[in-house]
1. Once the other residues with Cβ under 10 Å from the Cβ of Tyr61 are scored (Lys, Arg +1; Asp, Glu -1), what is the net sum?
2. Of the peptides 224-236, 322-334, 80-92, how do they stack up when ordered by the mean number of other Cβ atoms within 10 Å, highest first?
3. What shape does the range 1-135 have by the C-alpha gyration tensor, where a ≥ b ≥ c are the square roots of the eigenvalues, rounded means a/c under 1.5, and otherwise prolate means a/b greater than b/c and oblate the rest?
4. May I ask which residue of Pro68, Ile331, Gln56 lies farthest towards the positive end of the charge dipole of the chain, with charges of +1 (Lys, Arg) and -1 (Asp, Glu) on Cβ and the Cα centre as origin?
5. Helix check for the chain. Which DSSP H runs span at least 15 Å along their own axis by Cα, with a mean Kyte-Doolittle hydropathy no less than -0.5?
6. Report the Cα centroid-to-centroid distance between the range 75-144 and the range 222-243 in angstrom, as an integer.
7. Expressed as a whole percent, how much of the Cα-Cα distance distribution for the range 58-206 exceeds 17 Å?
8. Which net charge results for the neighbourhood of Glu180, defined as the other residues with beta-carbon distances under 12 angstrom from its beta-carbon, given Lys and Arg at +1 and Asp and Glu at -1?
Amino acid sequence: MNRSLYLVKRLLLAIPVMLFGLTLSFLILYLGPIDPVGTILGRDATPTDIRQLRIQLNIIYPNGERVPLWDQYYRVIRDLVTFQFGDSWTIKRQVPVTELILGRMAPTIWLGFWSVMIALIVGIPLGLYAGLRANTYRDYASSGFGIIWRAMPNFWLAVILAGLISAGGALDWYRTFLVETPVGGTPDAVRNLFTVHPVFEGIPILEAVGIPIPNIVPMAIAFKWILPGALVLGSSSMGNEVRIGRTAVLESINSKYVETAKAKGVSSRRIVLKHVGRNAVIPLLPVIMGEFYLLIGGSVLVEQVFGINGLGNLFFRAVLGPDIPLVMALIFIFIIIQIAFNITQDLLYTYIDPRISLEDTE
């Protein structure tokens, strides 16, 4: 099947998946015991104020009749698919939801990026190393490391690590090591990682195009600040990669094509790089693509513990708000990202292993 045709087919199939997720979220939020009017106005609100706000939030009509659930559903889905997220109800009244999301996106992307990179840089090589040194003390040490990281609950590890690097903790020196960084909060350095150098300066249409140049000092500060949270967020993924990578190497190294390569006199280095390593990545691909979802949707707990003002923290506050437009917008974004990663994963399968066709991924 042609890749373009396959991509179009998957995008069409993604529509009912997206609608199912949004419909389920809508029913939970709109049929649950949620009263945003009471949260916004408080106990001292007058009946007139309550009525006006219910009309403004599209809960009742001006004549006092309640807006049917199907009408609210249609308006919510219509606004989401046209990227008209509306204004916040409780987090910041009458502030556009898009503005709130964009303002919190940088810390979450920075946190998710390094949690994925740490898991990839440590987990995959350690798993491959354990598989190549099977049943040795090196294998036991590597596998034990992965099991320990996989077994530690994220919520427990986050609290313990935050306590260790706080004042008086065993690792309190970390806060002042090289450059002073706080335990919680979001430093300004996260929003100053790059300086855009204009390429077409003076040309009206193209003057906005530029080359991002890294700012070394803010980037170093932001990395040191985010490292504890990234370790927590990537811990379980790191353990999964060690375990699955080891198993994949053992399966590949005992296969017939590896024995054939050895019989032909192919060097061990080439066998590991071209045959064993490449085939070992195939079962790791779903784990790796699942980790990239952490870039947006997997950081609620870590951001709460470390006080990071990112999308995870924003989602948590919006649910407690309740800020329904903000919650629905974030869920919509999470669903789109998950669908995009799933499609990308299927396409990557065909590049890594030519034996897998697009028909096999359906």
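1. Net charge in that neighbourhood comes out at 0.
2. Ranking the peptides 224-236, 322-334, 80-92 by packing returns 224-236, 322-334, 80-92.
3. In terms of gyration-tensor shape, prolate.
4. Sorting the options by dipole projection puts first Ile331.
5. Once both thresholds are applied, what remains is 3-31, 69-81, 97-132, 137-151, 154-165, 216-253, 277-292, 324-352.
6. 11
7. 81
8. Local net charge: +1.
The values are calculated or read from the model by the stated rules, or taken from the named source; none is laboratory data. Bear in mind the structure is a predicted one, so any value in this text is a computation, not a measurement. In this analysis, Cβ positions are derived from the backbone assuming ideal geometry, glycine residues included, and neighbour counts consider all displayed protein chains. Ligands, DNA and RNA are stripped out before the accessible areas are found, and what is left, the full protein with its side chains, is counted by its heavy atoms. Shrake-Rupley method; radii C 1.70, N 1.55, O 1.52, S 1.80 Å.
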